[in-house]
Amino acid sequence: MERLPVSGPSITQKEIDYVTDAVTNAWYGNANIYHDRFEKAFADHLGVRFAICLPSCTAAIHLSLLALGVSAGDEVIIPDITWIASAAPITYVGATPVFADIDSKTWCLSVASFKECISPRTRAVIPVDLYGGMPDMDELIEVAQDHGIAVIEDAAEAIGSEYKGRRAGTFGDTGVFSFHGSKTLTTGEGGMLVTNSEDIYRQALFFRDHGRQPGDKLFWNTSVAYKYKMSSMQAALGLAQLERVEELISRKRQIFEWYAAELADAEWVTLNYETPDTKNSYWMVTAIINGNLGIDKESLMAKMEQGGVDCRPFFYPLSSLPAYENAEQAAKAREQNQVSYRISPYGINLPSGLNMTLEKVQYVAHLLKQEVEVHAHSAKLG
Ligand SMILES: Cc1ncc(COP(=O)(O)O)c(C=O)c1O
């Protein structure tokens, strides 16, 4: 069996044709045609008013915070379990990240913990749709509204997920997406900011264009700001992928179903959860191994690697990272976020790329069972 990477895209002739057209024709007066089409199609797909394509989701989070006016002295609540990209822009704008715990089933922000983290300085919350799962959005939005807290929904990993029939990315003041090469819909690198607020939209355009008001005269900047633009080749790739998005999402769900069936008899593993209210787009099929077996994720990944299978560790709690060692809120989080600290050591992402086949899933599941069961057996003997 060839080496199995943990993630990767599905690229067809459509993508090649669109990118070829962009690199051939999207210059001069046509320089923005693919941006315009991609943004319009993306907004229509989600049912939102505005979409801005960007070089990354990190940029989309940064712009969201800037457009919402979050700045020094403010606190922003985020789940402790996420990629650091969800949190880093909070520091860019001079605000303080506050790390809340996750829910033990969805692995997304726990609403109870979110409530406990609220202080008079809280300005925003960034719930993350982790691995395609979603938090309890109704409750979360209600708490945020009651406290006047802005919501930036980090749907970087969740294109295609839904909560009560509504698409991920549409619940906050802004929603943000990543099109990194590992994502279900990719532009190589890239991201999108979506919003229904014209004010936020205009602010984001201003901050991403070196502080020039949309439509103002050229080279006329009223603030020192940022340059966040996607290339037309990326936008063309994104448009082609978006036109195939239902196929890509179905494929992700199929890959998860295959794993679920192959691992159905393994009582020591918990896979991604789909609540009755949600449709999970299963960006990364994730396996949490029962902690009682004492198999940590690093040693399991090393074993899988020897079998030619690349896995990724379940995110480490942000509050455990050296990057936040001295952050004022991290010490508290290390004590309080029990679910994050209980689950994280035993979780791995399994190969979930769009090139997975049933045969490959069977191989990964077989290898995982073999590794875990050998270990469990020797632990019992010991
Ligand atoms: C939850 C989450 N937020 C934000 C990001 C940042 O996305 P990007 O790499 O496009 O900046 C990622 C990317 O992997 C992510 O998984």
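Quick look at the values:
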{"read-out": "Per-region count, the stretch 261-286, residues open to solvent by less than 30 Å² (accessible area, probe 1.4 Å) and out of contact with any helix residue (DSSP H, G or I) (no Cβ under 7 Å at 6 or more places or on another chain)", "value": "3"}
{"read-out": "Pairs with Cβ under 8 Å, 6+ apart, first in the stretch 162-179 and open to solvent by 10 Å² or more (accessible area, probe 1.4 Å), second within 12 Å of the ligand (Cβ to nearest atom) and part of a strand (DSSP E or B)", "value": "THR170/GLU153; PHE171/GLU153; GLY172/ILE152; GLY172/GLU153; ASP173/ILE152; SER178/GLY191"}
{"read-out": "Whichever residue in the stretch 290-334 is more than 22 Å from the chain's Cα centre (by Cα) and under 17 Å from LYS105 (Cβ atoms) and, among such residues, is most open to solvent (accessible area, probe 1.4 Å)", "value": "ASN290"}
{"read-out": "Entirely in the stretch 19-133, the helices (runs of 4 or more DSSP H) that have 2 or more residues that are under 22 Å from the mean Cα position of the chain (by Cα) and β-branched (Val, Ile, Thr)", "value": "57-67, 88-92"}
{"read-out": "Condition check for SER71: open to solvent by less than 40 Å² (accessible area, probe 1.4 Å), modelled with pLDDT of 95 or more and among the polar types (S, T, N, Q)", "value": "no"}
{"read-out": "Only one of ILE149, ILE102, ILE141 that is within 23 Å of THR170 (Cβ to Cβ) and within 16 Å of the ligand (Cβ to nearest atom)", "value": "ILE102"}
{"read-out": "Positions within the stretch 184-198 being open to solvent by 20 Å² or more (accessible area, probe 1.4 Å) and either outside any strand (DSSP E or B) or among the acidic types (Asp, Glu) (or both), in sequence order", "value": "GLU189, ASN196, SER197, GLU198"}
{"read-out": "Some residue of the stretch 91-101 being on the phi > 0 side of the Ramachandran plot, in contact (Cβ under 8 Å) with a residue 60 or more places away in the chain and open to solvent by less than 20 Å² (accessible area, probe 1.4 Å)", "value": "no"}
{"read-out": "Complete set of residues in the stretch 152-173 that are within 13 Å of the ligand (Cβ to nearest atom) and either not in a loop (DSSP other than H, G, I, E, B) or not polar (S, T, N, Q) (or both)", "value": "ILE152, GLU153, ASP154, ALA155, ALA156, GLU157, ALA158, ILE159, ALA168, GLY169"}
{"read-out": "Breaking point among (1) near the ligand (Cβ under 10 Å from one of its atoms); (2) open to solvent by 10 Å² or more (accessible area, probe 1.4 Å), for THR82", "value": "(2)"}
{"read-out": "Those residues of the stretch 134-151 which are outside any helix (DSSP H, G or I) and more than 26 Å from PHE314 (Cα to Cα), in sequence order", "value": "HIS147, GLY148, ILE149, ALA150"}
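The values are calculated or read from the model by the stated rules, or taken from the named source; none is laboratory data. Treat the numbers as computed from the prediction; the structure is a model and nothing was measured. Positions of Cβ are generated from backbone atoms using ideal geometry, with glycine treated the same way; all protein chains shown enter the neighbour counts. Accessible surface is based on the protein model in full, side chains and every heavy atom, while ligands, DNA and RNA are left aside. Shrake-Rupley method; radii C 1.70, N 1.55, O 1.52, S 1.80 Å.
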